[in-house]
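Please read the structure below before turning to the comments.
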Amino acid sequence: RRFGIKEAVVSTQSTGDNLASLSVEGNPLRTIRREIIAKGTNAIKDYLRLKLAPASIEESGPTIPDIKPDEIMMQTKTLELDRKQNVPGEVWDQALVCAIVRLSMQHCGLTVIPESVFNLRATLQELELGANNLHQLPPEIGKLVKLRKLNLLNNNLKELPAECSQLVGLEDVNLGHNKFDAIPECLYSIPAICNLIISNNQIRAVEPAKLITMTSLVCLDLENNNIGRLPPELSLIPNLRTLLVMGNTFKIPRADVLAKGSAEVITWLKNKVPQP
């Protein structure tokens with residue numbers, strides 16, 4: 001405090017998780033608005049994090065607008081835009097300044113993902129794009145490297161771009177009610193996925209040898225597809241606890257086994273795995 005500091009120097013250490021308190025009051029800073037300083041350490045760290053352009057994403061990030069942050073958005077870190085057709089630029093500016101972690105744009109009639117979404121890549125962790133009219137995702141989706149949850153329920157997707165494999169922190173993926181005829185190849189290389197919903201698609205077969213490599217996978221929902229055979233090797237997915245497979249075309253295991261729940265189905269499959 002009060003050392004005559006005129007500029008906040010942004011470095012890779014400015015957003016460190018171990019920094020519990022940062023006090024800069026009383027200095028003639030030109031680069032941080034008083035409203036941000038007044039909100040305390042976390043707000044200052046969010047501001048500095050946005051000013052820092054991660055080398056792993058791009059050499060230059062989006063320009064951070066010099067505006068007063070919206071108090072509610074700053075607190076919730078969430079932007080809800082469900083059922084909105086037109087979003088003013090000022091709203092996207094606020095999302096950037098407030099460093100939101102969750103964005104919901106469901107039932108918006110989207111045919112493409114707005115470019116402004118990718119400007120939020122430094123902080124965005126949850127992206128809800130359900131109930132739109134998306135036929136494909138752009139390669140830029142790979143820029144959202146902080147994503148932990150991606151909801152694409154009820155669109156018109158047939159495939160995912162290879163760049164999705166860059167979303168290494170992705171844990172929850174919902175691809176239900178689309179037009180996939182196979183589990184997208186890029187998902188197999190994402191180590192963090194623990195919940196994968198791909199029900200109500202057109203999947204004809206599953207590849208257990210690839211699914212077994214998904215060591216974090218806990219829940220796999222394959223209901224209401226066109227799977228003609230349920231491979232016993234699905235039971236070898238290391239941490240699988242929930243396996244939903246009703247509504248497919250296979251006859252074995254029978255419906256009475258499926259009705260007993262995931263644990264019974266996984267046990268039944270495990271007993272059918274060929275012994276060496």
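Counting only protein heavy atoms and using a 1.4 Å probe, the accessible area of VAL257 comes to about 20 Å².
Note on GLU264 and ALA182: the model spin-label points, each 7 Å out from Cα along the C-beta direction, lie 3.4 nm apart. Between VAL257 and GLN75, the contour length at 0.36 nm per residue exceeds the alpha carbon distance by 60.8 nm. For the range 78-205, the equivalent ellipsoid derived from the alpha-carbon gyration tensor has semi-axes of 24, 17, 11 Å in decreasing order. Placing R0 at 35 angstrom, the Cβ-Cβ distance between THR41 and ALA209 gives a FRET efficiency of 0.15 after rounding to 0.05. Where does the charge balance sit around LEU79 when Lys and Arg score +1, Asp and Glu -1, over other residues with C-beta under 13 Å from its C-beta? My count for the surroundings of LEU79 gives -4. Multiply the residue separation of GLU163 and ARG83 by 0.36 nm, subtract the distance between their alpha-carbon atoms, and state the gained length in nm to one decimal. That works out to 26.0 nm of additional length. Of the two radii for the range 193-256, the radius of gyration is 0.93 times the Kirkwood radius, both from the alpha carbons; that is the Rg over Rh value. No solvent, one uniform scatterer per C-alpha: report log10 I(q)/I(0) for the range 134-276 via the Debye equation at q = 0.20 1/Å, two decimals. The calculated log intensity ratios at q = 0.20 Å⁻¹ are -1.23. Counted residue by residue at 0.36 nm each, then reduced by the alpha carbon distance between them, the extension gain from LYS149 to ASN271 reaches 40.5 nm.
The values are calculated or read from the model by the stated rules, or taken from the named source; none is laboratory data. Just so it is clear, the structure is predicted and the values come from calculations on it, not from any experiment. When we count neighbours, we look across all protein chains shown, and the Cβ atoms used for this are built from the backbone with ideal geometry, even at glycine. SASA here: full protein model, heavy atoms, side chains in, ligands and nucleic acids out. Shrake-Rupley method; radii C 1.70, N 1.55, O 1.52, S 1.80 Å.
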